[in-house]
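S.K.: Can you read through this structure? Questions will come right after.
The values are calculated or read from the model by the stated rules, or taken from the named source; none is laboratory data. In this text the structure is predicted, and so the values were computed from the model without any measurement. Glycine gets a Cβ as well: all are built from the backbone with ideal geometry, and neighbour counts include every protein chain shown.
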Amino acid sequence: MQLKKASVLLVDDDTDVLTAVRLLLRPHVRDIAVEKNPDALPALLRQQSFDLILLDMNFKSALNTGNEGLYWLRKIKELKPDVAVIMITAYGDIDLAIRSLKEGAADFVVKPWHNDKLLAILADAVGTKSKGTPSSATESTAEIFGTELLGTSEAMQDIFLKIRKVAPTDANILILGENGTGKELVAKAIHHFSLRATKPYVKVDVGALTESLFESELFGHKKGAFTDAREDRAGRFEAANGGTIFLDEIGNISLHQQAKLLSVLQNRQVIRLGTNEAVNVDVRLLCATNVPLAELANESRFRKDLVYRINTVEITIPPLRKRGNDILLLARHFAAVYADKYMKPAPELSKTALEKLLQYHYPGNVRELQYAIERAVIMADGPVLQADDIIFSPIELAPVEEKQTEESNLEELERVTINRVLQKHGGNLTRASKELGITRTALYRRLGKYGL
């Protein structure tokens, strides 16, 4: 069905939104009905047939749960399961809107929207509905993300969906995950599919900046501001103006640095060292850290007002050990990449090699798998990678010295023992669990507990 032939219902308690959308859609649809009160929905749906419903996520009246949109979405799907529903949301409710997709919504649009973008979303929803085959997350990610981000697991599909939805907005994104999970790849993907894609993308490892370099590197300086300031220099925020700035390891900066950063984000201005002149900056902010969100919420370590400022939407990347067969998908990808790099035939992976890959717990995540496969491709003699060709990093399995202090206890002894047995068996969880006399499940729990 074409949008021109569609009957549309808009449900929103904001009169200005009702007026604006009605005026926008009138030339583009067959008819447009509007309703302020969601309680009227059941009666409306019994009286009239709609092809498309635009539904606000929150209303000033009706339910007081904060999940009004989800409640009315379920009601609509009970009464009219085939109708396409587009959720209307604000930046702060994007996670809630993504939940609505899993409950049957066709899409969502973020306030304030571009009119052309809204029309495109409506046309796509009507077109998909008429085909009777909704586009799957797997198909879209295969087309959109190419080889930069790989994964067929449910956890990664959820991340791909979030990237696709948040990228066109200007929402600040906090990317969480262990070291080596691919936080920078997610940041690059968000920029690539954003409206700022043609503008600068600037990455800064803020965790590595000393107190003395922090302001100069981020905000710039004037000539003579300090001993080595031999010329005027723009900071990273100015360099990213109009585009995206990615602050990696944000969880490692000091409270003093946090205060400086918060001021810039609130005022959207930087002041170079050695001057009082404010320079306006327009940047989209992406941040990443391996520090759990619960720890960031501890004000003795991180300012809560800054957490809220950088975290309009959070994306948590799962550790590789929780991604199932994504391990094999990535291993084959890296094998092909490094075979091409080192001018070798693309190798196969033997059954024993695949089993070894699936049994390992990957404390270094995707980065560790990548280096293990690169080494295997370089060192292997034949066209098939065997289990013995795959050797995991001794860095991740470095011996842990027992503490000779009064704090030594049974948990420390258990951690040291597990680490030693894992090293002995080359990271093979089945053999290690047998020697330790516990199940693989129990071993997994202890690995998570001790961060091994």
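S.K.: In the stretch 235-261, which residues are of a type in the set (G, A, S) and either touching a residue at least 60 places away in the same chain (Cβ under 8 Å) or surrounded by fewer than 15 Cβ atoms within 10 Å (Cβ to Cβ) (or both)?
M.R.: Correct list: G242, S254, A259.
S.K.: When you go through (1) touching a residue at least 60 places away in the same chain (Cβ under 8 Å); (2) assigned to a loop (DSSP other than H, G, I, E, B); (3) basic (K, R) one by one for K344, which number turns out not to apply?
M.R.: Here K344 clears every test but (1).
S.K.: Also: Hey, can you tell me all the residues within the stretch 314-341 that are assigned to a loop (DSSP other than H, G, I, E, B) and of a type in the set (S, T, N, Q)?
M.R.: N325, the sole residue that qualifies.
S.K.: Could I ask something else about it? Spot the failing condition for E217; the list is (1) assigned to a loop (DSSP other than H, G, I, E, B); (2) of a type outside the set (V, I, T); (3) without any contact (Cβ under 8 Å) to a residue 24 or more places away in the chain, and only one is missed.
M.R.: Failed condition: (1).
S.K.: Oh, and also: Residues that are of a type in the set (V, I, T): list the helices (runs of 4 or more DSSP H) wholly contained in the stretch 221-311 that include at least 2 such residues.
M.R.: Ranges flagged: 304-310.
S.K.: Pick from A335, A239: which is among the aliphatic types (A, V, I, L, M), in the same structural domain as E374 (by TED's automatic domain parsing) and more than 22 Å from the chain's Cα centre (by Cα)?
M.R.: A335
S.K.: Taking the stretch 273-302 as the search range and keeping residues that are under 30 Å from D228 (Cβ atoms) and charged (D, E, K, R), which one is modelled with the lowest pLDDT?
M.R.: Selected residue: E277.
S.K.: Continuing with this model, one more query. Quick check: anything in the stretch 48-67 assigned to a helix (DSSP H, G or I), modelled with pLDDT under 70 and of a type in the set (D, E, K, R)?
M.R.: No, because not a single residue in the stretch 48-67 is assigned to a helix (DSSP H, G or I), modelled with pLDDT under 70 and of a type in the set (D, E, K, R).
S.K.: Residues to consider are V29, V34, V21; find the one that is in a helix (DSSP H, G or I) and modelled with pLDDT of 90 or more.
M.R.: Exactly one of V29, V34, V21 is in a helix (DSSP H, G or I) and modelled with pLDDT of 90 or more, namely V21.
S.K.: Does the stretch 135-194 hold any residues that are of a type in the set (D, E, K, R) and either assigned to a helix (DSSP H, G or I) or at pLDDT below 90 (or both), and which are they?
M.R.: Once the filter is applied, which keeps residues that are of a type in the set (D, E, K, R) and either assigned to a helix (DSSP H, G or I) or at pLDDT below 90 (or both), the stretch 135-194 yields E139, E143, E148, E154, D158, K162, R164, K165, K183, E184, K188.
S.K.: Between a first residue in the stretch 290-304 that is in contact (Cβ under 8 Å) with a residue 60 or more places away in the chain and within 13 Å of I250 (Cβ to Cβ) and a second residue that is of a type in the set (G, A, S) and not in a helix (DSSP H, G or I), which pairs have beta carbons less than 8 Å apart while being 6 or more apart in sequence or on different chains?
M.R.: Correct list of pairs: N290/G177.
S.K.: Inspect the stretch 161-173 for any residue being on the phi < 0 side of the Ramachandran plot and surrounded by fewer than 16 Cβ atoms within 10 Å (Cβ to Cβ) and give the result as yes or no.
M.R.: no
S.K.: Here is a further query. Name the residues in the stretch 196-213 that are without any contact (Cβ under 8 Å) to a residue 40 or more places away in the chain and either in contact with a helix residue (DSSP H, G or I) (Cβ under 9 Å, 6 or more places away or on another chain) or surrounded by 17 or more Cβ atoms within 10 Å (Cβ to Cβ) (or both), would you?
M.R.: A197 - this is the single residue of the stretch 196-213 that is without any contact (Cβ under 8 Å) to a residue 40 or more places away in the chain and either in contact with a helix residue (DSSP H, G or I) (Cβ under 9 Å, 6 or more places away or on another chain) or surrounded by 17 or more Cβ atoms within 10 Å (Cβ to Cβ) (or both).
S.K.: Ok, one more. Since K351 meets every condition but one in (1) over 30 Å from the mean Cα position of the chain (by Cα); (2) in the same structural domain as V166 (by TED's automatic domain parsing), which condition does it not meet?
M.R.: (2)
S.K.: With the condition kept exactly as written, say whether any residue in the stretch 314-330 is of a type outside the set (F, W, Y), touching a strand residue (DSSP E or B) at 6+ places or on another chain (Cβ under 8 Å), farther than 16 Å from G180 by Cβ and free of Cβ contacts under 8 Å to residues at least 60 places away in the same chain.
M.R.: yes
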